[in-house]
1. Just name the residue that is farthest from residue 106 (Cα to Cα) out of those in the range 21-32 that are surrounded by 15 or more Cβ atoms within 10 Å (Cβ to Cβ) and out of contact with any strand residue (DSSP E or B) (no Cβ under 7 Å at 6 or more places or on another chain).
2. In this structure, is residue 162 surrounded by fewer than 14 Cβ atoms within 10 Å (Cβ to Cβ), modelled with pLDDT of 85 or more and more than 30 Å from residue 23 (Cα to Cα)?
3. Take the residues of the range 166-190 that are in contact with a helix residue (DSSP H, G or I) (Cβ under 7 Å, 6 or more places away or on another chain) and under 15 Å from residue 118 (Cβ atoms): which is surrounded by the fewest Cβ atoms within 10 Å (Cβ to Cβ)?
4. Might you check whether a residue that is modelled with pLDDT under 80 and in a helix (DSSP H, G or I) occurs anywhere in the range 114-129?
5. Would you point out which residue out of 52, 83, 47 is in the same structural domain as residue 7 (by TED's automatic domain parsing), under 25 Å from residue 206 (Cα atoms) and modelled with pLDDT of 90 or more?
6. Which condition number in (1) more than 15 Å from the chain's Cα centre (by Cα); (2) surrounded by 15 or more Cβ atoms within 10 Å (Cβ to Cβ) is the one that residue 90 fails?
């Protein structure tokens with residue numbers, strides 16, 4: 001079972017999140033501030049740490065940076081009430097694997113933890129557009145390590161631009177069934193839950 005640690009300063013919120021997480025994972029530790037959270041994570045070495053952005057002591061972004069610097073191998077899911085672009089991108093830059101809003105259903109957090117544990121990236125559907133809008137404007141490139149074919153990369157770039165399947169089919173002069181087949185293969189290769197998450201993963205890893 002996936003081992004999860006929880007760092008959240010509000011007791012009632014922490015208890016609610018813990019209850020939700022325990023339905024799917026093994027919660028191995030919890031903390032109410034960034035400093036004790038860092039100590040607990042270093043001790044327990046969980047697969048995933050669910051971390052509040054606005055922690056006392058050191059905040060969630062600084063804690064994420066410490067976890068990455070320690071080389072613990074722990075994946076990080078940031079949870080917060082904030083959907084400000086700068087905060088989302090700061091968490092991404094710090095090395096967070098996922099970002100969820102506390103206003104989202106528990107199933108979103110569970111999906112985020114599961115995908116992060118598998119090495120994927122997950123951004124709450126309510127804020128995924130922030131990541132896509134910032135990175136989709138870059139000059140198109142493709143990493144040599146990308147698992148995607150050139151055609152799959154073309155499809156995914158159009159997804160990142162917000163195109164629907166029918167628009168992709170028209171733009172690339174292919175059948176709708178072919179587009180759907182490419183998307184199915186893309187989701188499998190990137191271990192993504194949906195089109196948006198696939199685009200976020202690919203942009204974050206430099207595949208497109």
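The values are calculated or read from the model by the stated rules, or taken from the named source; none is laboratory data. None of the values given here were measured: they were computed from a predicted structure. Note: ideal-geometry Cβ built from the backbone for every residue, glycine included; neighbour counts use all protein chains shown.
1. In the first step, residues of the range 21-32 are kept if they are surrounded by 15 or more Cβ atoms within 10 Å (Cβ to Cβ); the result is 21, 24-25, 27-32.
Applying the additional criterion that residues be out of contact with any strand residue (DSSP E or B) (no Cβ under 7 Å at 6 or more places or on another chain) yields 24, 32.
Numbers: 24: 11, 32: 20 Å.
Residue satisfying both the conditions and the ranking: 32.
2. Working: surrounded by fewer than 14 Cβ atoms within 10 Å (Cβ to Cβ): yes; modelled with pLDDT of 85 or more: no; more than 30 Å from residue 23 (Cα to Cα): yes.
Criteria not met by residue 162.
3. In this case the residue turns out to be 187.
4. Yes, the range 114-129 contains at least one residue that is modelled with pLDDT under 80 and in a helix (DSSP H, G or I).
5. Values: 52 fails: under 25 Å from residue 206 (Cα atoms); 83 fails: modelled with pLDDT of 90 or more.
Just one listed residue meets the conditions, 47.
6. Unmet condition: (1).
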